[in-house]
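What follows is a short report on a single structure.
The values are calculated or read from the model by the stated rules, or taken from the named source; none is laboratory data. Note that the coordinates shown come from a computational prediction; the quantities given were computed from them, not determined experimentally. FYI the Cβ positions are ideal-geometry reconstructions off the backbone, even for glycines, and counts take in every protein chain you see.
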Amino acid sequence: MKILFRTILSFILALSLTGFSCLAVDAAEYEDTLRVGIYYGSGAVSDITFENQSGFSAGFSLGREFFPVTSILASSVSISSTFSLPFSVLYSTHETYDELLIHLEELKLQGMDVFPGYYNDLYCVFGGKYQNNNDALWAAENLAVKGTVAEFSSKVLALTDVSGKVVFAIDSAEAGLAVFCADYETEDSLMKISGANKGTYRGGFECKKLSADGLTVVNIVSVESYLYSVVCREMSSSWPVEALKTQAVCARNFALGRINYHKQYGFDVCRTVCCQAYSTTADQSESVHTAVDETRGELLFYENDLVQAVYSSSMGSSTENVKNVWGSSFPYLVSVENPYEDTENIYNGKWTKTLTKARATEIMKSRGYEIGDVTEIKALEYTDAGRVLKLLVKGTNGEKIFERESCRTIFSEATYSQKYTVGTGGMTTHPVVYVETGDKTQTKTLNSAVVLSSSKKTSSLSEKYIVSNGKSTKTYQTQKIEGDKDTFVFSGEGWGHGVGMSQYGAKGMAEAGFSYQEILTHYYSGTHLEKAY
């Protein structure tokens, strides 16, 4: 079922360590179903087994629609990309599911060993598995009921029971083999993947042979059920429920703005942080269910546009303007204060990492930058929020200047965010401050600036200077960098891209008594919540 409310303009936003991309997509309705990539590409599997004590409903899927073909009274069924089904006997083809069931039962009453299938875009009744055309032709002409030979393509998939007997087959260029629980129309129906790929999921699964790599496996699940498995991975279930509600809305916005993002594999979102971390039902808790259920159907909008509610773990004293990270411009993704994040005491809130000149050289070469041996790494420009906007990497044979998010990702093993300073071991660094001199602002290092007191006296700034605006404070401090001269030292705060919502900041705001509505409208300027379904 799909729910129509209004046209929205969605912008697909890549939340990943590799960057931000925008692609306009017109959507006339909000999808109520998501297709989540579980195994695909280099991670495709050769076979998969599903378990469910109440049995299965199998058929084919086209887009987001599931077309049931057969019920299977078994507790386990399997699909293998290497299962050989080159030929079978075709007994009948049908335009409708009901016609298929009638003829299937007629043949079974006559003692024929038959199974249903979907072949050449028709419902079909098949019998037998044959390795060559001659054997299939003999069976078609000499068994009790005559048929014709059906030759399958390399894309054929067969669903088998524990004995290896075929219970359903599909050979289609467009449709996938879909497996659901017998009670698939119940939103909370569960399916278990057994073996090495074990895990229990809501909804059902679609399997396709997209390449020689094996099976592409997609979880077909309702949006709200999907959120149960995202919120518990993206945020600790022990956090305040108002923070969890904030995460639920952000995750819902993100998912609905990413429909068909991975269309080359036939699904919307993947299960990794390229999209949003997605898990089995094992990590879910009552608080997560409460957060999702109590915000059901709520979406965040800026005017009439669906907000791309990006987020990351922590951001320090302020968030960043999206233009300084991904180069785009969104009026609701601007820098705002982040005073409730306990940056000093959270995991990777404050960090110091080192990188040898040899390792920096190796990284640059691996990324295709032939500048020789790296001799210098220097931040050339900072944003107003204190993040590196331009980074110079100089070598014996040239230099390269990185801008915006690449200042974080080029040396990602040593830079957890874009908010850092960098120097060489053994050196003393003086942070930059901005000094008003009558009609203009000048940039000074901490050791070269002076201040004018209320008594008209001037004094030099100390090695540590604290500035407050009444709501938050910022500390400027001279630092002596430990280490040797062949080591670069990165000292920073925050973890992630720094745009949108700080998850630890949301936690702090919830603990301070703010509602999820207040948290969302704080981090996404000028936005409002609407109940869309």
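A few notes on this one:
- Total residues in region 57-73, condition of a type in the set (A, V, I, L, M) and buried (at least 18 other Cβ atoms within 10 Å of the Cβ): 3
- Val149 being in a strand (DSSP E or B), surrounded by fewer than 19 Cβ atoms within 10 Å (Cβ to Cβ) and more than 25 Å from the chain's Cα centre (by Cα): yes
- Val433 modelled with pLDDT under 95 and more than 27 Å from Met235 (Cα to Cα): yes
- Glu381 vs. criteria under 25 Å from Asn338 (Cα atoms), free of Cβ contacts under 8 Å to residues at least 40 places away in the same chain, outside any loop (DSSP other than H, G, I, E, B) and out of contact with any helix residue (DSSP H, G or I) (no Cβ under 8 Å at 6 or more places or on another chain): yes
- In the set (1) surrounded by fewer than 22 Cβ atoms within 10 Å (Cβ to Cβ); (2) of a type outside the set (A, V, I, L, M); (3) in the same structural domain as Glu530 (by TED's automatic domain parsing), the condition left unmet by Thr354 is number (3).
- Filtered by the rule that a residue be among the small types (Gly, Ala, Ser) and either in contact with a Gly (Cβ under 7 Å, 6 or more places away or on another chain) or more than 24 Å from Phe60 (Cα to Cα) (or both), region 92-126 gives a lone residue, Gly111.
- Residue selected from region 485-506 under the condition in a loop (DSSP other than H, G, I, E, B) and touching a Lys or Arg at 6+ places or on another chain (Cβ under 7 Å), by the criterion farthest from Leu300 (Cα to Cα): Asp486
One line per residue, one yes/no per condition, for (1) out of contact with any strand residue (DSSP E or B) (no Cβ under 6 Å at 6 or more places or on another chain); (2) without any contact (Cβ under 8 Å) to a residue 60 or more places away in the chain; (3) not aromatic (Phe, Trp, Tyr):
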position: Tyr302; (1), (2), (3): yes, no, no
position: Leu306; (1), (2), (3): no, no, yes
position: Ser312; (1), (2), (3): yes, no, yes
position: Met315; (1), (2), (3): no, no, yes
position: Ser318; (1), (2), (3): no, no, yes
position: Val322; (1), (2), (3): no, no, yes
position: Ser335; (1), (2), (3): no, yes, yes
position: Tyr340; (1), (2), (3): yes, no, no
position: Asn345; (1), (2), (3): yes, yes, yes
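- Number of positions in region 303-318 that are under 15 Å from Val230 (Cα atoms) and outside any loop (DSSP other than H, G, I, E, B): 2
- Residue that is more than 20 Å from the chain's Cα centre (by Cα), at pLDDT 95 or above and either within 22 Å of Gly63 (Cα to Cα) or outside any loop (DSSP other than H, G, I, E, B) (or both), where the choices are Leu244, Leu210, Leu227, Leu159: Leu159
- The set of residues in region 247-271 that are touching a residue at least 24 places away in the same chain (Cβ under 8 Å), in a loop (DSSP other than H, G, I, E, B) and of a type outside the set (Phe, Trp, Tyr) comprises Gly257, Arg258, Ile259, Asn260, Gly266, Asp268, Arg271.
- Residue in region 238-260 that is touching a Lys or Arg at 6+ places or on another chain (Cβ under 7 Å) and farther than 19 Å from Ala510 by Cβ present: no
- Tabulated pairs, region 172-190, first assigned by TED's automatic domain parsing to the domain that holds Leu62 and within 16 Å of Tyr226 (Cβ to Cβ), second of a type in the set (Asp, Glu) and assigned to a loop (DSSP other than H, G, I, E, B), C-beta under 7 angstrom, 6+ apart or interchain: Ser189/Asp183
- Here Tyr184 fulfils each of the conditions (1) over 34 Å from the mean Cα position of the chain (by Cα); (2) under 26 Å from Arg271 (Cβ atoms) apart from (1).
- Total residues in region 162-189, condition of a type outside the set (S, T, N, Q) and assigned to a loop (DSSP other than H, G, I, E, B): 12
- Matching residues, region 364-383, being surrounded by fewer than 18 Cβ atoms within 10 Å (Cβ to Cβ) and within 30 Å of the chain's Cα centre (by Cα): Lys365, Ser366, Arg367, Gly368
- Complete set of residues in region 507-520 that are within 16 Å of Leu300 (Cα to Cα) and either not in a loop (DSSP other than H, G, I, E, B) or not hydroxyl-bearing (Ser, Thr, Tyr) (or both): Tyr516, Gln517, Glu518, Ile519, Leu520
- Residues (of a type in the set (A, V, I, L, M) and in contact with a helix residue (DSSP H, G or I) (Cβ under 6 Å, 6 or more places away or on another chain)) located in region 147-197: Val149
- One residue from Glu337, Glu405, Glu341 being in the same structural domain as Asp486 (by TED's automatic domain parsing), modelled with pLDDT of 95 or more and acidic (Asp, Glu): Glu405
- The residues on offer are Arg258, Arg233, and the sole one that is in contact with an Asp or Glu (Cβ under 7 Å, 6 or more places away or on another chain) and either surrounded by 23 or more Cβ atoms within 10 Å (Cβ to Cβ) or at pLDDT 95 or above (or both) is Arg258.
- Strands (runs of 3 or more DSSP E) contained in region 52-107 and holding at least 1 residues in the same structural domain as Val167 (by TED's automatic domain parsing) and of a type in the set (Phe, Trp, Tyr): 56-62, 65-72, 87-94
- The residue that is surrounded by the most Cβ atoms within 10 Å (Cβ to Cβ), counting only those in region 74-101 that are touching a residue at least 60 places away in the same chain (Cβ under 8 Å), farther than 20 Å from Gly176 by Cβ and over 34 Å from the mean Cα position of the chain (by Cα), is Val89.
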